[in-house]
Amino acid sequence: FQDTNRLQMDLISKIIQSHNNITVVGDDDQSIYGWRGAEVKNILNFPNEFKGCEVIKLERNYRSSSEILAVANASISKNKNRHGKVLKAEIAQSTGQLPELFILEREEDESEFVVSEVLNFQRQGFKYKDFAVLYRSNTQGGLIESSFRRANIPYTISGGTSIFDRREIKDMMAYLKQALSPNEVSLRRIINVPARGVGDTSIEKLSEFALKSRVSFMDSCRLWRDAGVQEKAGEAIESLFKFIETLPENILDYQVGSSPGAKMVQLFSDLGYREYVYGTAADPTSAEKKWMVVEIFGRILDSYLGRRSYDVATIKSFIDSMSLRDDLNDEDEEANKVQMMTLHASKGLEFPIVILAGIEEDLLPHKNLGSDIDEERRLFYVGVTRAKQRLIMSRCQQRKRNGVVR
């Protein structure tokens, strides 16, 4: 009932007008959908609007240990407008395991930390599906996801999209694959992305020529004159090949104070990809979000390369490890995978071990989305109370936002 809006409240009033006989069940401390129009005051004002109603507090908790509930109770008690209740652990009165907060230097360290925690608990007998990694906004998941891929840890993303399924990353991966392990699928994906005048007609001619001459599509592209492709399109293909051939070396040829990831983002921007991304977006805000995905990919590359020495072969191993897809069917309910999701998507679920990442000012409470501090606190409360046995929290001392270290 904590997620009802004004209209639903009016409807309820109409339905019960004649008999005033109604029971509602809800948890005002889990009202986290204000941005969707839900009004927490519907449940808070209920005893006043329906005089004489009986309020029954359901304070027994059958999920979390008392140590975890202590964190939940302490944090939510800071909210002034609520039906005061204190959750008490019914199952595990006490496990002796206190929730922990780890403070890490950078985001890259945080994503490595999440991996090490999962592996550490796994050695103690927990399965991958016993873990949930929760965060405030989807963009936080990218680096953690790439660390899971590198460590071969199977994961699934609930209520969101994998960063590796985003068009921008698929495009950049196709460029890198074409540079290091050329194949027709990658080439067809990027041949006119960003638009360079190689339209459907040219591609059709190249495909026909490849078929007729029994050569690969890639060879056909190099023989564009023989395929009857127009000069302008042919020259565009040649300059694409030139860009691809030098791409890995150019990524590694960065200035002092920069990084391979930043250089890669710059190269794609110079190619006209940024303009292309902005041109395909519905509005400036979504354009910035799309470009942010490109910048995150640059940071995923830097995180992979680390501080060790590297060469073109290292970039190839980066592509290989980021391309790994587990063949397990995602529909498989019993799939043994770590669950990754936003705090909003976690509502109603429960896990033996919960890792809450990014517990820091401007992320939780969120700088742009967190105008209602009470609702942000309720969101944290929801995250904490997903945990049954162990609660691990992490935050960073510095984090990159929109290209700037804060």
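The values are calculated or read from the model by the stated rules, or taken from the named source; none is laboratory data. Remember, predicted model here, so these are calculated numbers, not experimental data. Heads up, the Cβs are rebuilt from the backbone with ideal geometry, glycines too, and the neighbour counts pull from every protein chain shown. SASA here: full protein model, heavy atoms, side chains in, ligands and nucleic acids out. Shrake-Rupley method; radii C 1.70, N 1.55, O 1.52, S 1.80 Å.
Here is how the numbers come out for the structure above:
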{"item": "Complete set of residues in segment 261-287 that are over 16 Å from the mean Cα position of the chain (by Cα) and over 25 Å from Ser239 (Cβ atoms)", "result": "Ala281, Ala282, Asp283, Pro284, Thr285, Ala287"}
{"item": "Residues that are free of Cβ contacts under 8 Å to residues at least 60 places away in the same chain and among the charged types (D, E, K, R), drawn from segment 360-406", "result": "Glu360, Glu361, Asp362, Lys367, Glu376, Arg401, Arg406"}
{"item": "Residues of segment 215-225 classified as surrounded by 13 or more Cβ atoms within 10 Å (Cβ to Cβ) and outside any helix (DSSP H, G or I), total", "result": "4"}
{"item": "Criterion: closer than 22 Å to Thr280 by Cα, in contact with a Phe, Trp or Tyr (Cβ under 8 Å, 6 or more places away or on another chain) and without any contact (Cβ under 8 Å) to a residue 40 or more places away in the chain - qualifying residue of Leu206, Leu187, Leu223", "result": "Leu187"}
{"item": "Members of segment 229-259 that are open to solvent by less than 40 Å² (accessible area, probe 1.4 Å), modelled with pLDDT of 90 or more and more than 34 Å from the chain's Cα centre (by Cα)", "result": "Ala233, Gly234, Ala236, Ile237"}
{"item": "Tally, over segment 270-318, of residues that are over 14 Å from Arg166 (Cα atoms) and either basic (Lys, Arg) or surrounded by fewer than 13 Cβ atoms within 10 Å (Cβ to Cβ) (or both)", "result": "16"}
{"item": "Criterion: of a type in the set (Gly, Ala, Ser) and without any contact (Cβ under 8 Å) to a residue 12 or more places away in the chain - qualifying residue of Ser181, Ser137, Ser116", "result": "Ser116"}
{"item": "Residue identified as free of Cβ contacts under 8 Å to residues at least 12 places away in the same chain, open to solvent by 40 Å² or more (accessible area, probe 1.4 Å), basic (Lys, Arg) and not in a strand (DSSP E or B) among Lys212, Lys129", "result": "Lys212"}
{"item": "Qualifying residue in segment 367-383 (condition: farther than 23 Å from Leu98 by Cα, small (Gly, Ala, Ser), modelled with pLDDT of 90 or more and in a helix (DSSP H, G or I))", "result": "no"}
{"item": "Criterion: modelled with pLDDT of 95 or more and in contact with a Pro (Cβ under 9 Å, 6 or more places away or on another chain) - qualifying residue of Phe102, Phe131, Phe113", "result": "Phe131"}
{"item": "Where Leu247 falls short, out of the listed (1) closer than 15 Å to Tyr175 by Cβ; (2) without any contact (Cβ under 8 Å) to a residue 24 or more places away in the chain", "result": "(2)"}
{"item": "Residue check for Tyr135: under 30 Å from Tyr381 (Cβ atoms), open to solvent by 10 Å² or more (accessible area, probe 1.4 Å) and among the aromatic types (Phe, Trp, Tyr)", "result": "no"}
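Every residue, every condition in (1) of a type in the set (Lys, Arg); (2) open to solvent by less than 40 Å² (accessible area, probe 1.4 Å), yes or no:
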| position | (1), (2) |
| --- | --- |
| Val24 | no, no |
| Ile32 | no, yes |
| Arg36 | yes, no |
| Phe46 | no, yes |
| Phe50 | no, yes |
| Lys57 | yes, no |
| Asn61 | no, yes |
